[in-house]
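The values are calculated or read from the model by the stated rules, or taken from the named source; none is laboratory data. Just so you know, these numbers come straight off a predicted model, no measurement behind them. Note that we place each Cβ from the backbone using ideal geometry, even for glycine, and neighbour counts take in every protein chain shown.
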Amino acid sequence: MYPARIEHYERPQSVAEALAALGRFEPGDAIFLAGGMSAMQAMKSRMLQPRCVIDLQDVAELQGVTREHGALRLGAMTRYAAIAADAAIPSAYQALRDAAAHVGDRQVRNRGTIGGSVSWNYVASCMPATVLGLRGAMLLAAADGSTRRVVADDFFLGPLETARRDDEILLAVEFPAPPAHCGSAYAKWGLIKDALPVVGICVMVGLDDDDKCVSARIALSGLADGCQRASAGEASLLDSEGDEQAIAVAMDAIAESVETQSDQSADADYRRQLIRSVGREVAARAFARARGQ
Ligand SMILES: Cc1cc2nc3c(=O)[nH]c(=O)nc-3n(C[C@H](O)[C@H](O)[C@H](O)COP(=O)(O)OP(=O)(O)OC[C@H]3O[C@@H](n4cnc5c(N)ncnc54)[C@H](O)[C@@H]3O)c2cc1C
């Protein structure tokens, strides 16, 4: 398959230039290109037929990881390989490194970006579930100079759907300063190692001074409705010490409460079993990190 005719290719050097290019076209007629790992396939299959492609690879202000007063900000064009290699990301947000280190193969990790992944919001993608699990927020800018911050719970609307408007660019994904004794982890299970997950799970927990769980967030990928919170499991972990039994009960609660689908990758019961087994391992790792282990 070959793309439909693309009339214009723009390569802006700044966010202002990128938004100006976007403004020259009717809504939806121009798209941003980040790593191209999803957009190129969508253009080849003609699922996307833009008149203009705005390539963001030279926009330096969209790249890199910054920290301020404990808060973390990942520029939209930060690539998976850079996230996976960033040893300064705190234990509270280690799930980002877990996810980035296992997205696709080396080529995908060297090209794909966090901004492209959350903007595309494919059902099985690792980053939307990870950002949702970690209480992330998307910073968006429009050509009129306005910006807005949309928390993950409001940003991810459904498969391939987000709250980003056609006239907006995603600037960054931000995470608030975490409380003390906080840890997170992510893992996926795919049919082959380098493939999109059949099921992926992100767990973030916060502990009090007695190592009791005072906050828990769990998000899933790979389900037909797209990335989603697993509130039954979150409630179940509260007040526990994250022991094997408490984690098993929480993962059973999730497996029984979420809707899993049967498709060519796995049947619904198998997905439920993956939630139990991958979930136990991920939650144990998140608790260990919260304890500083
Ligand atoms: C072989 C292969 C294996 C893969 N395996 C995995 C996997 O295991 N786990 C996983 O999570 N993903 C996987 N993926 C998908 C990969 O993560 C993609 O990189 C990601 O979905 C898109 O990121 P990108 O930077 O390539 O964005 P692009 O493909 O360039 O763009 C995706 C969409 O986001 C929009 N966009 C990009 N940047 C912005 C911005 N700043 N503002 C507004 N809109 C923007 C584009 O217009 C486009 O609509 C795989 C892909 C391939 C090809």
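Would you be able to tell me the number of residues in region 57-109 that are on the phi > 0 side of the Ramachandran plot and in contact with a Gly (Cβ under 9 Å, 6 or more places away or on another chain)?
In the first step, residues of region 57-109 are kept if they are on the phi > 0 side of the Ramachandran plot; the result is 64, 69-70, 104.
Filter once more, keeping what is in contact with a Gly (Cβ under 9 Å, 6 or more places away or on another chain): 64, 104.
Residues that pass the stated criteria total 2.
Against the conditions (1) loosely packed, with under 13 Cβ neighbours inside 10 Å; (2) without any contact (Cβ under 8 Å) to a residue 24 or more places away in the chain; (3) not acidic (Asp, Glu), where does Gly28 fall short? Just the number, please.
Among (1) loosely packed, with under 13 Cβ neighbours inside 10 Å; (2) without any contact (Cβ under 8 Å) to a residue 24 or more places away in the chain; (3) not acidic (Asp, Glu), Gly28 violates only (2).
Residues in region 64-106 that are surrounded by fewer than 14 Cβ atoms within 10 Å (Cβ to Cβ) and either within 11 Å of the ligand (Cβ to nearest atom) or not assigned by TED's automatic domain parsing to the domain that holds Ser125 (or both): how many?
2
Being β-branched (Val, Ile, Thr) and not in a loop (DSSP other than H, G, I, E, B) is the filter; apply it to region 1-54 and report the residue that is nearest to Gly116 (Cα to Cα).
The first filter runs over region 1-54 and keeps only residues β-branched (Val, Ile, Thr), leaving 6, 15, 31, 53-54.
Then keep just the ones that are not in a loop (DSSP other than H, G, I, E, B); that gives 15, 31, 53-54.
Working: Val15: 15, Ile31: 11, Val53: 14, Ile54: 13 Å.
Of everything passing the filter in region 1-54, Ile31 is nearest to Gly116 (Cα to Cα).
Show the residue pairs meeting these rules: Cβ distance below 6 Å; 6+ apart or different chains; first residue within region 127-149 and closer than 17 Å to Leu22 by Cα; second residue within 11 Å of the ligand (Cβ to nearest atom) and part of a strand (DSSP E or B).
Leu140/Glu168; Leu140/Leu170; Ala141/Ile169; Ala141/Leu171; Ala142/Glu168; Thr147/Ala141
Taking Gly226, is it outside any strand (DSSP E or B) and surrounded by 20 or more Cβ atoms within 10 Å (Cβ to Cβ)? Walk me through it before giving the result.
Numbers: outside any strand (DSSP E or B): yes; surrounded by 20 or more Cβ atoms within 10 Å (Cβ to Cβ): yes.
Against the criterion (outside any strand (DSSP E or B) and surrounded by 20 or more Cβ atoms within 10 Å (Cβ to Cβ)), Gly226 qualifies.
Any idea which residue in region 111-136 is farthest from Gly75 (Cα to Cα), counting only those that are polar (S, T, N, Q) and outside any strand (DSSP E or B)? Can you show your working first?
Of region 111-136, the ones polar (S, T, N, Q) are 113, 117, 119, 121, 125, 130.
When the remaining residues are screened for being outside any strand (DSSP E or B), the result is 117, 119, 121, 125, 130.
Values: Ser117: 12, Ser119: 13, Asn121: 17, Ser125: 18, Thr130: 16 Å.
In this case the residue turns out to be Ser125.
Would you confirm whether or not region 186-204 contains a residue that is at negative phi, out of contact with any Gly (no Cβ under 7 Å at 6 or more places or on another chain), within 15 Å of the ligand (Cβ to nearest atom) and assigned by TED's automatic domain parsing to the domain that holds Ala71?
Taking every residue of region 186-204 in turn, none turns out to be at negative phi, out of contact with any Gly (no Cβ under 7 Å at 6 or more places or on another chain), within 15 Å of the ligand (Cβ to nearest atom) and assigned by TED's automatic domain parsing to the domain that holds Ala71.
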